[in-house]
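Quick notes on the structure that follows.
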Amino acid sequence: MKKSIFRLTLCTLAICSLLLTGTLVTKADAAPKYRWKLAQTWGTGFPIFGDAVIKMADMVKEMSNGEMEIRIDSSNKHKAAFGVLDMVKAGQYEMGHSASYYWKGKDVNTMFFTTMPFGMIAPEQYAWFYYGGGMELMKEVYDKHGVYSYPGGNTSNQMGGWFQKEINSLEDLKGLKMRIPGFAGEVLSKLGVVVTNIAPGELYTALDRGTIDALEWVGPSLDLNMGFHKITPYYYTGWHEPATELQFMVNKKKFDALPKHLQKIVEIAMQYAAYDMYARSYNDSAENWDKIAKEYPNVKIKTFPKDVIAAMKAENEKLLKETAAKDPVFKKIYDAQTAYMKKARRWTEISDYAYLKDNLE
């Protein structure tokens, strides 16, 4: 009995000492009950995109009081930048972070949930996702892959790309080797461009060695960090990705097995990290656009000629209608996006566009 009291006294003193020194192990410091892994398309230390993933994982750990922890594996580790969907689907990773249009070879309907040429801008697209039926349509597409998909961060309107030569006509596109993903790649392919998709970590080398003649990546927020301005002189404004939304993926079985409170925490963390990335991207693009003007005056900012844009639009519409005629799910999503954009654009025109037009002229 005395030994038990002695041990209890020692334990009490130890706890008091820990409390006084501030080193008591709290629940948040304890070993997590749920350990998940996330595979991302981006390399180690990749800014903005990778930062959004880190923010999400940190929030999950903090909000769960240490009950859940998510380890992040970059493409440097898993060696499969474009294999993230397959790895999450198979349960090799519980989560992934990538871009939905990378899976168009597996399922053409996934492209709608990143962005589409001449489509919605970011505020319109977010409204569509959360209040216009977009999330439900995305769930319908990804259910057959055994994955839940969520918005994973928006870059806002992207630039049209970096080119070694000036584009003055449709003839200049023929035979041009360009890295460009998604439906935009299909459009340019119809106009004679030799289209390829290259992992982010290999883009600079491919452009520098002449493997490709042009590429689009994101915009000033990330393009300056990639160094493309050191190789190519022409920087074109965008048409193809007006609201590029990245993607968090979660294995359905793993997610459904989580306690309800952790499911909600993961969802909230993903949504916050996604919108925070949108704000960060916009800020960094504004900062770097100013930097281009001041520090890199040799970069020539160009807009595609009107006849080139017109040809892109015409080919885009043709491809959309052809694909919709063959795939009822594609048609369903295409019709839904078209109808929502038509409605939202009326407000965009009388609000943001009218304001900017009146104040920029």
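The values are calculated or read from the model by the stated rules, or taken from the named source; none is laboratory data. Source: prediction; values computed, not measured. Heads up, the Cβs are rebuilt from the backbone with ideal geometry, glycines too, and the neighbour counts pull from every protein chain shown.
One residue alone among G152, G119 is buried (at least 22 other Cβ atoms within 10 Å of the Cβ) and of a type in the set (G, A, S), and that residue is G152.
Could you please give the count of residues in region 85-143 that are β-branched (V, I, T) and in contact with a Gly (Cβ under 9 Å, 6 or more places away or on another chain)?
3
Hey, could you check region 175-198 for residues that are among the charged types (D, E, K, R) and within 21 Å of S98 (Cβ to Cβ) and say which is surrounded by the most Cβ atoms within 10 Å (Cβ to Cβ)? Let's see the steps before the verdict.
Within region 175-198, the subset among the charged types (D, E, K, R) is 177, 179, 186, 190.
Checking which are within 21 Å of S98 (Cβ to Cβ) leaves us with 179, 186.
Details: R179: 24, E186: 20.
So, considering only residues that are among the charged types (D, E, K, R) and within 21 Å of S98 (Cβ to Cβ), the one surrounded by the most Cβ atoms within 10 Å (Cβ to Cβ) is R179.
Confirm whether Y272 is surrounded by fewer than 13 Cβ atoms within 10 Å (Cβ to Cβ) and either under 22 Å from the mean Cα position of the chain (by Cα) or of a type in the set (F, W, Y) (or both). Criteria not met by Y272. Say whether the condition of being at positive phi, assigned to a strand (DSSP E or B), at pLDDT 95 or above and touching a Lys or Arg at 6+ places or on another chain (Cβ under 9 Å) is met by at least one residue in region 160-173. Looking through region 160-173, at least one residue is at positive phi, assigned to a strand (DSSP E or B), at pLDDT 95 or above and touching a Lys or Arg at 6+ places or on another chain (Cβ under 9 Å). Looking at (1) among the polar types (S, T, N, Q); (2) over 30 Å from I309 (Cα atoms); (3) part of a loop (DSSP other than H, G, I, E, B), which is the one condition that is false for T115? Of everything listed in (1) among the polar types (S, T, N, Q); (2) over 30 Å from I309 (Cα atoms); (3) part of a loop (DSSP other than H, G, I, E, B), T115 misses just condition (2). The helices (runs of 4 or more DSSP H) falling completely within region 211-327 that include 2 or more residues that are in the same structural domain as T44 (by TED's automatic domain parsing) map to 252-256, 260-295. The residues of region 199-210 that are farther than 20 Å from S98 by Cβ, not in a loop (DSSP other than H, G, I, E, B) and not hydroxyl-bearing (S, T, Y), listed by number, are L207, D208.
Of the residues screened, M138 is not one that is more than 23 Å from D284 (Cβ to Cβ), outside the structural domain of H78 (by TED's automatic domain parsing), surrounded by 21 or more Cβ atoms within 10 Å (Cβ to Cβ) and not small (G, A, S).
Please state which one of G66, G45 is among the small types (G, A, S), over 18 Å from L258 (Cα atoms) and without any contact (Cβ under 8 Å) to a residue 60 or more places away in the chain.
Working: G66 fails: over 18 Å from L258 (Cα atoms).
Answer to the selection: G45.
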